[in-house]
Amino acid sequence: MSTYPSAERKRSGYFARYAKSLFRCGAVMQIGKDPVMLALLVASREDRLHYNKPPMIWRAELMEQLGIGSPKGIIAARQAAIDAGLIFYAEGTRTQPPKYWSLVPDWLDPYMRRVPKRNTSESTRSELERETERKTEHETERILEPITQYPPKGTRNASLDHAFQTFWEAYPLRNGKRVGKADASKAFAKIKPTDHADLMLAVKSYAATCGDFAKDPVRFLRNDFWRDHLVSPEPPTTTKRLTPMTPGRRKP
């Protein structure tokens, strides 16, 4: 879609429907927090512009708004959102920021259809939008809290605890010990559960090559560093042992 769909989004409660649909379908767990939050940020900018034109946003602003600390991270989030069909992206220039707008892919469309459109007059639109924003922000915080915050002791998800403990015990020692367990647990909680199997393969590969110079676990987990080690370690080479022949005897 290369033409911005302005008319079909006006006075329909598009942003509230879009946000509610993304949360209802479990997009955060399936795609990841950053791509979904990027799509929501773009949709909120469209709403602020009253859907008259697509938003134009500098990459640095997206990094600040989404809390992503590197250009590589925002590029990865953007590509994931594009691959999922959630946003349209038109590259900018040195003097003009890129254009974005949100998209409704086929897998999200059934959820959008279940949320009724709102058709109101312009005079009542502002107050309704403010109420929608308050509800959306509350729902966003509630749904994303287990992912973006370190849960208090006693309320952590049991399966996540078990997965992290498995990672912690498998991670190689550094000078005979592991340090930074609390920080590593926070970093581990930001990794999608669907990536845990690949992460353990990366740990196994890393442990086979790092020797006594393993990085701190939190550094291994951050910024997808662990993906650089998604290769299977080579099996140890075995040498066939030869049986010495007794002197004076020939092998038949």
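With 20 Å as the limit, write out which pairs from K33/K53; K20/K117; K181/K204; K72/K190 have Cα-Cα distances beyond it, or answer none. Before the final figure, lay out each step's value.
Numbers: K33/K53 26 Å; K20/K117 12 Å; K181/K204 18 Å; K72/K190 17 Å.
Result: K33/K53 exceed 20 Å.
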### Task
Compute the Rg to Rh ratio over the range 158-229 from the alpha carbon atoms, using the Kirkwood formula for Rh, and round to two decimal places.
0.92
#### Entry: the range 1-61, Rg to Rh (Cα coordinates; Rh as Kirkwood inverse mean 1/r)
0.98
### Task
State to the nearest 20 debye the size of the charge dipole of the range 1-52 about its Cα centre, where the only charges are +1 on K and R beta carbons and -1 on D and E beta carbons.
180
### Query
Of the trypsin sites (Lys or Arg not before Pro) in the range 45-100, which ones lie in a loop per DSSP and count no more than 12 other C-beta atoms within 10 Å?
R94
#### Entry: Inter-centroid distance (Cα atoms) of the range 176-209 relative to the range 16-94, Å
27
### Message
Which residues among the range 71-101 fall inside the zone where the amide N is under 14 Å from a point 7 Å beyond the Cα of D109, along Cα→Cβ?
### Response
85-86
### Query
Using +1 on the beta carbon of Lys and Arg, -1 on that of Asp and Glu, and nothing else charged, what's the dipole of the range 158-229 about the Cα centre, debye to 20?
180
### Query
About the Cα centre of the range 48-122, what is the dipole size in debye to 20, counting +1 per Lys and Arg Cβ and -1 per Asp and Glu Cβ, all else neutral?
140
### Query
Can you give me the relative contact order of the range 1-80 as a percent, contacts being Cα pairs under 8 Å and 6 or more apart?
31
### Message
So if each residue of separation counts as 0.36 nm, and I subtract the Cα-Cα distance between W168 and E64, what length gain in nm does that give?
### Response
34.3 nm
### Message
With N set to the number of residues, divide the alpha-carbon radius of gyration of the range 1-124 by 2.2 N^0.38 Å and report two decimals.
### Response
1.04
### Message
Can you give the FRET efficiency to the nearest 0.05 for E91 and K177, using r as the Cβ-Cβ distance and R₀ = 45 Å?
### Response
0.40
### Message
At R0 = 35 Å, how high is the FRET efficiency between D198 and E8 if r is their beta carbon distance? Nearest 0.05 is fine.
### Response
0.35
### Query
Which of A19, P35, A90 sits closest to the plus end of the dipole of the range 1-102, meaning its Cα is farthest towards the positive end, when Lys and Arg get +1 and Asp and Glu get -1 on the C-beta?
A19
### Query
How far, in nm, would the chain grow between D83 and A158 when pulled straight, counting 0.36 nm per residue and subtracting the alpha carbon separation?
23.9 nm
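Laboratory data are not the source of any read-out in this text; all were calculated from the coordinates shown. Given the structure is predicted, the values throughout are model-derived calculations rather than measurements. Note that each Cβ is placed from the backbone with ideal geometry, even for glycine, and that neighbours are counted across all protein chains shown.
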